[in-house]
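Peer 1: There's a structure below that I have some questions on.
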Amino acid sequence: MNEKEGYIPKGERKKILLISDDIRSHSGVAQISREMVINTCHRYNYTTIAGAVNHPEKGQCIDLSDNFNQMSGETDSSVNCYPTNGYGTPEMVRHLIKDENPDAIFLITDPRYFVWLFQMESEIRKNIPIIYLNIWDDYPAPMYNKEYYESCDMLLGISKQTVNINRLVLGEEKASERILRYVPHGLNHHTFKPLEKDNEELKLFKKQLLGNKEYDFVLLFNSRNIRRKSIPDTLIAWKMFLETLPKSEAKQCALVLHTDPIDNNGTDLPAVSDYLFGKEENDIIFSNSKLPTEAMNLLYNSADGVVLLSSNEGWGLALTEALLSGVPIIANVTGGMQDQMRFVDSEGKWFTPDENVPSNHMKTHQEHGEWAFPVFPGAISCQGSVPTPYIYDDRCSPLEASHAMKALYDTSKEERKRIGLKGREWATGDEAGFTSEIMGKRISDAMDKLFNTWEPRFHYEFLKDTDYERRLLPHKLVY
């Protein structure tokens with residue numbers, strides 16, 4: 001007998017049509033989608049549109065139930081996937097709605113990938129609701145996303161900032177007609193966990209990663225080599241930090257870059273490293289092999305801290321992995337990264353954005369979790385493109401970042417261990433809940449409410465040509 005809380009027999013479950021990255025792949029979207037399915041497959045059956053750039057299994061239907069039984073500990077999960085290029089087409093969705101008869105469509109990733117589906121929302125929502133696990137990197141509140149948000153029956157915001165953006169863009173009336181919830185990313189805290197330094201597997205991994213050299217201080221960057229991740233700024237900050245140390249101490253420090261060294265979406269990192277460090281670049285260690293989750297935990301446990309200075313970052317999974325592994329974090333105060341630093345507002349509570357203080361990137365609140373070494377942006381500029389006409393780019397100064405690196409370096413190894421464990425304690429607790437189990441429970445609770453209250457959309461809606469509203473800034477620019 002299945003004893004997992006909330007278990008529903010297979011034949012009585014609602015079926016979810018999940019549109020996401022292929023849940024067998026290694027992207028951040030796939031990772032979160034997989035953890036969601038693992039932790040909710042005892043309550044829902046899943047049919048997935050498994051997206052990829054050029055999927056080698058396109059056109060097949062693959063039963064993944066046995067795989068998810070093994071990962072979840074269930075015996076009767078129902079998970080199948082339809083691999084495709086991109087995230088599908090209107091025809092594919094219509095076909096799956098007819099053949100699979102889902103009770104809801106669940107979307108994950110950037111709204112621009114789903115414009116074609118939002119254009120079908122009137123057709124879809126006559127019969128089933130649309131759920132969107134969504135994120136937005138920065139302000140000003142993107143009024144150009146309004147139709148996308150209005151096309152959904154439930155918006156699950158990955159960051160507190162995203163929930164606030166959903167409310168601001170929708171407006172009070174439209175927001176009240178939908179379910180809006182805060183559902184931050186959650187990962188497996190039994191896999192990402194602190195290890196003792198004498199762990200034999202860890203010692204072997206560190207030897208392979210760092211060579212035979214014993215370093216006193218190792219800082220890790222783990223993310224994609226793309227412009228917004230600000231990796232050249234990280235390298236400049238590292239050089240500035242090293243220049244504050246005696247040469248003998250500087251030689252005992254290493255920066256590990258777990259990323260592709262060269263990427264057309266980013267830059268040529270070996271060229272940047274060579275330019276900045278010359279003969280001393282041996283202590284800039286590149287690691288670009290794809291590692292299984294267990295090895296990623298070894299990677300985090302090899303470091304004294306994790307750094308992420310992205311100028312735009314919806315969440316920052318590397319920070320979550322670091323927190324669960326008991327490793328302190330250095331991060332730019334922007335987007336969802338500020339959630340993970342746990343800033344404290346004027347009332348002593350975990351900071352929640354609103355229309356008066358939509359973000360903490362302007363240094364409104366300075367108290368934060370002990371495990372965090374925040375770097376506040378030195379310049380906030382408004383960038384844009386045709387589909388996204390305006391969005392802030394929060395650039396932090398390499399000099400300020402170097403100060404955060406020095407502050408972490410000056411913290412004793414014992415203190416780093418203590419604050420790292422404090423971060424894990426908070427991240428796995430009920431307030432933060434950055435674990436896959438809690439994420440699954442939050443999603444299940446929200447979906448249960450939706451299924452208990454949802455009413456089909458009207459077959460048509462009358463609009464006047466005077467109903468168009470000017471889309472003006474719904475929050476303060478100075479806060």
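Peer 1: Let me make sure I get this right: for region 332-414, a, b and c are the square roots of the gyration tensor eigenvalues over alpha carbons, sorted descending. Under 1.5 in a/c it's rounded, otherwise prolate if a/b > b/c, else oblate. Which is it?
Peer 2: oblate
Peer 1: So, one more: Distance cut-off 26 Å, Cα to Cα: go down the list Lys290/Lys406; Lys14/Lys349; Lys58/Lys160; Lys349/Lys476 and report the pairs above it.
Peer 2: Beyond 26 Å between Cα atoms: Lys290/Lys406; Lys14/Lys349; Lys58/Lys160.
Peer 1: Give me the angle, in degrees from 0 to 90, between the Cα long axis of helix 398-409 and the longest principal axis of the Cα atoms of the chain, rounded to the nearest 10.
Peer 2: Compared with the principal axis, the helix lies near 70 degrees.
Peer 1: What does the charge add up to near Ser122, with Lys and Arg as +1, Asp and Glu as -1, over the other residues with Cβ less than 12 Å from its Cβ?
Peer 2: -2
Peer 1: Tell me the relative contact order for region 43-148 as a rounded percent, counting alpha carbon contacts under 8 Å between residues six or more apart.
Peer 2: Averaging sequence separation for qualifying contacts and normalising by length gives 25 percent for region 43-148.
Peer 1: Out of (1) 24.8, 84; (2) 22.9, 74; (3) 22.7, 68, which label holds the value of Rg and Dmax of the Cα atoms in Å that was computed here?
Peer 2: (2)
Peer 1: A further question follows. Which whole-number percentage describes the relative contact order of the chain, with Cα contacts under 8 Å and a sequence gap of 6 or more?
Peer 2: Averaging sequence separation for qualifying contacts and normalising by length gives 16 percent for the chain.
Peer 1: Under unit Cβ charges (Lys, Arg +1; Asp, Glu -1), what dipole magnitude, rounded to 20 debye, does region 200-427 have relative to its Cα centre?
Peer 2: Approximately 380 debye in magnitude.
Peer 1: Can you find, among Leu399, Ser381, Thr352, the residue farthest towards the positive end of the dipole of region 321-442? Put +1 on the C-beta of Lys and Arg, -1 on that of Asp and Glu.
Peer 2: Leu399
Peer 1: Taking the Cα of Lys4, stepping 7 Å toward and past its beta carbon, and measuring to each backbone N in region 45-81: which are under 16 Å?
Peer 2: Under cut-off, by backbone N: 45-47, 64-80.
Peer 1: Now for a different question. Can you give me the Cα centroid spacing of region 188-247 and region 118-156 in angstrom?
Peer 2: 39 Å
Peer 1: Give me Val256, Val357 sorted ascending by neighbouring Cβ count inside 10 Å, so fewest comes first.
Peer 2: Starting with the residue having the fewest Cβ neighbours, the order is Val357, Val256.
Peer 1: Between Glu455 and Leu204, what is 0.36 nm times their sequence separation minus the Cα-Cα distance? Round to one decimal in nm.
Peer 2: 84.6 nm
Peer 1: Hey, another quick one. Determine the dipole magnitude for region 214-342: charges of +1 sit on the beta-carbon of Lys and Arg, -1 on that of Asp and Glu, nothing else is charged, the reference point is the Cα centre, and the result goes in debye to the nearest 20.
Peer 2: In debye, rounded to 20, region 214-342 gives about 280.
Peer 1: About the Cα centre of the chain, what is the dipole size in debye to 20, counting +1 per Lys and Arg Cβ and -1 per Asp and Glu Cβ, all else neutral?
Peer 2: Roughly 240 debye, rounded to the nearest 20.
Peer 1: Which listed residue (Gln252, Pro270, Gln208) has the Cα farthest towards the positive end of the charge dipole for region 200-427, taking +1 on Lys and Arg C-beta and -1 on Asp and Glu C-beta about the Cα centre?
Peer 2: Selected residue: Gln208.
Peer 1: Any idea which of Leu242, Tyr44, Pro292 is furthest toward the positive side of the dipole for the chain, if Lys and Arg beta-carbons carry +1 and Asp and Glu beta-carbons -1?
Peer 2: Leu242
Peer 1: Can you sort Ser325, Ser346, Ser122 so the residue with the fewest Cβ neighbours within 10 Å comes first?
Peer 2: Neighbour counts put them in this order, fewest first: Ser346, Ser122, Ser325.
Peer 1: Got the relative contact order for region 200-427 handy, in percent, Cα pairs under 8 Å and 6 or more residues apart?
Peer 2: 21 percent
Peer 1: While we're on this one: Most exposed first by the Cβ proxy, i.e. fewest other Cβ within 10 Å, how do Cys81, Cys61, Cys396 rank?
Peer 2: So the residues, fewest neighbours to most, are Cys61, Cys81, Cys396.
Peer 1: Related question: Mind giving me the nanometre distance, one decimal, between the label points for Lys279 and Glu243, set 7 Å out from Cα along Cα→Cβ?
Peer 2: 1.9 nm
Peer 1: Using a basic spin-label model with each label point 7 Å from the Cα along Cα→Cβ, how many nm lie between Asp99 and Gln366?
Peer 2: According to this spin-label approximation, the distance is 6.1 nm.
Peer 1: Run the reach check for Lys213 against aspartates and glutamates, Cα to Cα strictly under 15 Å, same-chain hits fewer than 8 apart removed. What comes back?
Peer 2: Excluding near neighbours in sequence, the set is Glu249, Glu280, Glu281, Asp283.
Any read-out appearing in this document is the output of simple, stated calculations on the displayed coordinates, not a laboratory observation. This one's a predicted model, so the numbers in the text were calculated from it and none came from an experiment. Neighbour counts run over all protein chains shown; Cβ positions are idealised from the backbone, glycine included.
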